[in-house]
């Protein structure tokens, strides 16, 4: 996953339009007040003179040198379009020398070496890189995201694997002392994305009719409605993540429209484009049959807090398939109608006893 920090310019871009569905991650599981991000923005991005072990309450976001931040502008793990990485060439002459050994002709392609579940190499090295003098941990944290195969949860890369992946992508000037923080931020944002997907699945995995019954009373009452339904149904749904794909260079239609509106009406819509995009494929149980549902995630960086604490927004929603479009319309339309029609006041009046 790639990161983006806005430049500290006087006219900071506006945050992307957000509502109750788009988590303000600086307030949901954000680092504690002891985070070094509470320094002024310019000061927070200065790297330390010597590497040291971060305190347990320190922020996971790397505030290293500019070269390290530049390395975060795209996902460090090559899980994009595999065709873009294929080392293929064309020629008018025969591509295989007639006198080449058979072993050379049968050498597997780069594409065959990639894991189709995440478009990463099956094994990312845990060995130290050449000329690496600073030791990085090789331990991997387990996520809260269940695998679609049912074999436990997905694991995050170790700092050593992250560093090796950055070098493979050409970021040879990466500040190695910031890699552990990069991994922490990577894990933090992915956990936030999964939490959003689970909320969508809780609402719509058991049918559009039930989803509308939850959505028609607005976002403020959705959690109460969900708990009532789940108590009757015997518990929550349990989605799993089948596979995922990073697409940092591909704007989603929604993000592209927001960028266009920002040029037409900058006072309201001007914002930086998402610094990353992911497509996650989730397994949903529909009538005893497994159905694969695609979710789209736009990762935004918003202007920092007055304290200098950076802010991230995740815009998580089902892809614009026929079913996904209906789910999005129900959730958005139900909330808008509930607030616009004075739903709380209307229900309060209906509960009031008639006057004599």
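Scan the stretch 324-353 for residues that are surrounded by 15 or more Cβ atoms within 10 Å (Cβ to Cβ), under 30 Å from residue 191 (Cβ atoms) and out of contact with any strand residue (DSSP E or B) (no Cβ under 7 Å at 6 or more places or on another chain) and jot them down.
Residues satisfying the conditions are 326, 330, 331, 332, 334, 335, 338.
Taking residue 282, is it at pLDDT 95 or above, surrounded by 15 or more Cβ atoms within 10 Å (Cβ to Cβ) and touching a helix residue (DSSP H, G or I) at 6+ places or on another chain (Cβ under 7 Å)?
Yes, satisfied.
From the list 125, 73, pick out the single residue that is surrounded by fewer than 18 Cβ atoms within 10 Å (Cβ to Cβ), at pLDDT below 90, farther than 30 Å from residue 285 by Cβ and in contact with a helix residue (DSSP H, G or I) (Cβ under 7 Å, 6 or more places away or on another chain).
Residue meeting the stated conditions: 125.
Within the stretch 248-269, can you find the residues that are crowded, with 17+ Cβ neighbours inside 10 Å and in a loop (DSSP other than H, G, I, E, B)?
248, 252
Looking for something modelled with pLDDT under 85 and under 26 Å from residue 262 (Cα atoms) - is there at least one such residue anywhere in the stretch 292-301?
Looking for residues that are modelled with pLDDT under 85 and under 26 Å from residue 262 (Cα atoms), one finds none in the stretch 292-301, hence no.
If residue 230 passes every condition in (1) under 18 Å from residue 321 (Cα atoms); (2) more than 25 Å from the chain's Cα centre (by Cα) but one, which one does it miss?
All conditions pass for residue 230, except number (1).
Just one of 159, 146 is more than 30 Å from residue 225 (Cβ to Cβ), surrounded by 14 or more Cβ atoms within 10 Å (Cβ to Cβ), at pLDDT 90 or above and within 19 Å of the chain's Cα centre (by Cα); which is it?
159
Of the numbered conditions (1) under 26 Å from residue 145 (Cα atoms); (2) touching a strand residue (DSSP E or B) at 6+ places or on another chain (Cβ under 8 Å), residue 289 fails exactly one; give the number of that condition.
Tallying (1) under 26 Å from residue 145 (Cα atoms); (2) touching a strand residue (DSSP E or B) at 6+ places or on another chain (Cβ under 8 Å), residue 289 fails exactly one: (2).
Hey, does the stretch 322-342 have a residue that's touching a residue at least 40 places away in the same chain (Cβ under 8 Å) and more than 20 Å from residue 220 (Cβ to Cβ)?
Yes, the stretch 322-342 contains a residue that is touching a residue at least 40 places away in the same chain (Cβ under 8 Å) and more than 20 Å from residue 220 (Cβ to Cβ).
Is it the case, given these coordinates, that residue 201 is within 23 Å of the chain's Cα centre (by Cα), at pLDDT 95 or above and crowded, with 16+ Cβ neighbours inside 10 Å?
Yes: the conditions hold for residue 201.
The values are calculated or read from the model by the stated rules, or taken from the named source; none is laboratory data. Predicted model, so just to flag it, every value in this text is computed and none were measured. Note: ideal-geometry Cβ built from the backbone for every residue, glycine included; neighbour counts use all protein chains shown.
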